[in-house]
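Working notes, structure below.
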Amino acid sequence: MSRDHAHVQEFFGARAADWDSRFPDDGPAYAAAVAELGLREGDRVLDAGCGTGRALPPLRTAVGPSGLVLGADVTPGMLQAAVRAGRDREGRLLLTDVAALPLRSRSLVAVFAAGLIAHLPDPAGSLRELARVVRPGGVLALFHPIGRQALATRQGRRVTPDDLRAEPNLRPLLAGAGWRMTSYVDEDHRFLALAVRGA
């Protein structure tokens, strides 16, 4: 495990137990973002960097009982919190790095990733891995329940030009990993970038 992964595990592990109580009103935002994926009954979808699994219930609703919902996270404490919340009933939880997924190539229809990209040690490599497991024409949703400026204000910092989620940075990063950005929204109450997997 790299030092970067150890840092991510330390950061989120220390916050896992009370993560959901810190953000109790995010459910509708997650559900709305999941709806943007356009999932259908029977689809196969991954929540990459699933944390406590807040996206798993709307993902399960979208794909129905015949669909497959996976949640992957590198932090054991976050997955344990997902189990305590009962979200493991909505999908299968995987303790794994999204940069090396134990999944077949082109096996998924979509990937949902909430708050993930800023915590990736190698964003380009991880986005390529997500592209590997999604079939051509499949969809990636990069989501955050708060926009870049509002998040920076909450954290007492400024938005900088090198922010990976800034559209001029994100679009070529996605393109280089095999994704074509189809929409980009950065508002106070949400951040959502959608991209389609190329052939």
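The set of residues in the stretch 115-136 that are at negative phi, at pLDDT below 95, open to solvent by 20 Å² or more (accessible area, probe 1.4 Å) and touching a strand residue (DSSP E or B) at 6+ places or on another chain (Cβ under 8 Å) contains only Leu116. Considering every residue within the stretch 104-114, establish whether at least one is part of a helix (DSSP H, G or I) and either farther than 16 Å from Asp47 by Cα or open to solvent by less than 50 Å² (accessible area, probe 1.4 Å) (or both). No - not one qualifying residue is present in the stretch 104-114.
The rows are residues; the columns are (1) of a type outside the set (A, V, I, L, M); (2) within 18 Å of His119 (Cα to Cα); (3) part of a helix (DSSP H, G or I); (4) more than 19 Å from the chain's Cα centre (by Cα).
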{"position": "Gln149", "(1), (2), (3), (4)": "yes, yes, yes, yes"}
{"position": "Val159", "(1), (2), (3), (4)": "no, yes, no, yes"}
{"position": "Asp163", "(1), (2), (3), (4)": "yes, yes, no, no"}
{"position": "Asn169", "(1), (2), (3), (4)": "yes, yes, yes, no"}
{"position": "Leu174", "(1), (2), (3), (4)": "no, yes, yes, no"}
{"position": "Tyr184", "(1), (2), (3), (4)": "yes, no, no, no"}
{"position": "Ala195", "(1), (2), (3), (4)": "no, no, no, no"}
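Taking first residues from the stretch 57-79 that are basic (Lys, Arg) and open to solvent by 10 Å² or more (accessible area, probe 1.4 Å) and partners that are modelled with pLDDT of 95 or more and part of a loop (DSSP other than H, G, I, E, B), the Cβ contacts under 6 Å between residues at least 6 apart in sequence or on separate chains come to Arg60/Glu90.
The values are calculated or read from the model by the stated rules, or taken from the named source; none is laboratory data. Note that the structure is a prediction, hence the values are computed from the model and not measured. We place every Cβ from the backbone using ideal geometry, glycine too, and count neighbours over all the protein chains shown. Keep in mind that these areas ignore ligands, DNA and RNA; they rest on the heavy atoms of the full protein, side chains included. Shrake-Rupley method; radii C 1.70, N 1.55, O 1.52, S 1.80 Å.
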